[in-house]
Amino acid sequence: MPFGLKTFGETRLTGPGGLPVAFPDKGLLAIVFLGFRPSGRVSRTELASFLWGEDDDGGAKALGNLRQLLSRIRARQRELGTAFLDIDSSDIALYRGAVRFDFEELQPGQSEDPVASLEAFLKVMSGQFLADLDASSETGQLWLLERRDFWLAEFAAALEEAAAALSRQNSAPIKDAAARLIELDPYSDIAHQVLMRVYAKDRRLSQARLIYDRYKQQLWSDLNTRPSEDMLRFARLLFNDEGRVAAAGLEAAPERTEARDPQPALAFRPPLPRLLLLPPKRPEEPRSWAPISGLIEDVTIGLCRIRTLAIVAPHTARRIAGMAGDEADLLRQFDVSYVLETRLQERNGETALYATLVHVASDEVLWSERFRGHPDDFPDTYGELVARIVLETTGSIERKELSKLPAVSKPTAYQNFLLGQHSLSIADLPGIRRARKFFRAALHDAPQYASAIAGLARTEHLEWLLTARGDEELLLSAEVHARDAIRISADDAGGYHQLGVAKLYQGQFFESMEAFLEAESRAPSHADLIADHADTLVHTADPILALDKIKRAIELNPLCPDLYWWTAAGANYCLEEYGEAIACIGRMADQANAGRLAAAAYAMLGDQRSARREMRRTLAIYPDFTVDDWLTKVPIREKWKQDMLRDGMRKAGFK
């Protein structure tokens, strides 16, 4: 009976009786490395480079280390009375019959039963491949990563194949295997999908949803990303009454009785302008190609999160860039409205990235800019460059679309949506009600336009905020519209965004924060969303984090609406930075709505003259305003913040 070598979890050599046998770690790594080579043979130079890498001495030190290791291996093989490695003056070879690897049990063809094959993975893969071994060289580290990825992919493939035959009789090993794969690969879509299917098969949809929610939170907190499109599509089908059977071959569970729209995925979406991002040609000496290529990819991801644009997929963009023929004809063929061309130029150690936005129909250049720098500086300026390009591109396109309105007799649903968005740039009642009119006009042409429905919710909560009259109907209507937007387009951040705001003003802080996390996982660079999240944090008495978020929102949207500065003022007030709070209010185009806060801040600074002026200005607009009545209507979680506001407004002269 040969020796055995356990490679998953704790790496261990065992003797014929199954007991552990001591052996040099580097020797075990060499045996496994040779086990994956078809010839089972490697030169001394290559093995030394694999185990230790090469220094400036051309590998002399690594060869010296190898000679010492081989000497120890020879001595240990003599003690054991067997040989795993055949060592000569130039090569090292593996005696394949001398050792049996545990991964040999996972080779294809071991069993025709997919569940039995999966059980073999569950038995053998108790941990990561060679989890306790490491290679000192870059080559060795890359080899280990590739092998680990390979076995995780094999485990996932076996799990997926077994899950295709899921039944109540075989669900236990499939569930155990899915849980094991999640331990080894916490970001495996396949493992999470299978585990959710198992629980759904047992009519435990609440547990399946909990797994999904935890997975989303983990992706967001660890990787700052959202689930893949495949995962989102799977979850929509699994948790939808009509789609559940199609998704997983499951019986419909009786636990959900509420009426739902049976076809949310087929909701009408008005045609959006299509943007094609043409990547730069790879330079002959691509010194800075890697960071530039990454930057272009990040710009594409950022643009994909914009609700008012449709982005041509990068693969298609690369194909179009490489096609022969008339460019205008190609763009018309693919219904492209705008092209963002990028060009890379390297000269005298500096790299310049040129970006040009062109309106296809008129061949008009809407925006063009050159970004210069040394290649080594690009990693430090990624965020700034990506935000700048995304902001300039989307702003230019929206302005161009709005400029078309005088030339058309009836605005499209999309144009009405843009007009609604534009009307909210100044936080006053006429603008809010004008925006509501545009959103309703958009919905008249496109009743299932989720972004316009979310826009309606936004106008309602803003009106509630500005009137300060505690009209609960406005907040209830905002919540209904937000949930409608989520139902129609669960992938879109807009519905979750407005649900978070509605829940905030209803005083349901936990539900509000949950909704904002869902929204930010879908649109992490959406400035308005981040600003409203910051406002929520002000109300929940976390002004430090609130200030950090509102600064981020202003960076993304420098010419921002008044509400951004109002939120920043509130956060500064809570931090007792009263001068900063007044300065933020001073940046607002219409400062009247923040008059209460300005009066309180002046009073806390001891400037009674200015505090009284702001107090009288506020009472001219809201003559029935009283401090206690207002504080009962505005949800504030912590008593200390209520006391700060009450104290400041009382000192300013409010009753």
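A short reminder: the numbers here are calculations on the coordinates, not readings from a lab. Everything numeric in this text was worked out from a predicted model, so none of it was measured. Because the Cβ atoms are built from the backbone with ideal geometry, glycine has one as well, and the counts that use them run over all protein chains shown.
With each pseudo-label sitting 7 Å past Cα toward Cβ, what's the D149-E161 distance in nm, one decimal?
Each label point is offset 7 Å from its Cα along the Cβ direction, giving 2.2 nm.
Enumerate the calculated ³J(HN,Hα) couplings along the range 539-553 in order (Karplus 6.51 cos²θ - 1.76 cosθ + 1.60, θ = phi - 60°), each rounded to whole Hz, writing x wherever the residue is Gly or Pro.
Ordered by residue, 3J(HN,Hα) equals 5, 8, 6, 10, x, 5, 5, 4, 5, 4, 5, 5, 5, 5, 5 Hz.
Return the loop-located trypsin sites (Lys or Arg not before Pro) in the range 107-170 (DSSP other than H, G, I, E, B) with at most 14 other Cβ atoms within 10 Å of their own Cβ; answer none if there are none.
Sites meeting the loop and neighbour criteria: R168.
Within the range 31-45, find all residues whose amide N lies under 20 Å from a label point positioned 7 Å from the Cα of N65 along Cα-to-beta-carbon.
Within reach of a label on N65, which here means backbone N under 20 Å from a point 7 Å along Cα→Cβ, the range 31-45 contributes 31-35, 42-45.
Check the straight Cα-Cα distances from K639 and name the lysines below 30 Å, setting aside those fewer than 8 residues away within the same chain.
K503, K549, K551, K651, K655
Using each residue's phi in the range 434-439, evaluate 6.51 cos²θ - 1.76 cosθ + 1.60 at θ = phi - 60° and report the 3J(HN,Hα) Karplus result to the nearest Hz, with x for Gly and Pro.
Once rounded to whole Hz, the list reads 5, 4, 4, 4, 5, 5.
Multiply the residue gap between L605 and S228 by 0.36 nm, knock off their C-alpha separation, and tell me the result in nm, one decimal place.
In short, 130.6 nm is gained.
FRET efficiency for R204 and R613, Cβ-Cβ distance as r, R0 = 56 Å, nearest 0.05?
Once rounded, the FRET efficiency stands at 0.35.
What does the convex hull of the alpha-carbon atoms of the range 91-159 project to on average, in nm²?
Taking a quarter of the hull surface, the average projection is 5.9 nm².
Over the Cα atoms of the range 515-655, what is the Rg over Rh ratio if Rh follows Kirkwood?
0.98
Please compute the length gained on full extension between L476 and A93, using 0.36 nm multiplied by the number of residues separating them and subtracting their Cα-Cα distance.
Here the answer is 130.4 nm.
Given the Cα-Cα distance of I621 and A352 and 0.36 nm per residue of separation, how much length would full extension add, in nm?
91.5 nm
Could you tell me which of A611, A546, A515 has its Cα farthest along the dipole of the range 513-655 towards the positive end, charges placed at Cβ (Lys, Arg +1; Asp, Glu -1), taken about the Cα centre?
A611
Under the Karplus relation 6.51 cos²θ - 1.76 cosθ + 1.60, θ = phi - 60°, what is the ordered set of whole-Hz ³J(HN,Hα) values for the range 352-360, x standing for Gly and Pro?
Calculated HN-Hα couplings, in order: 10, 10, 9, 10, 9, 9, 10, 7, 5 Hz.
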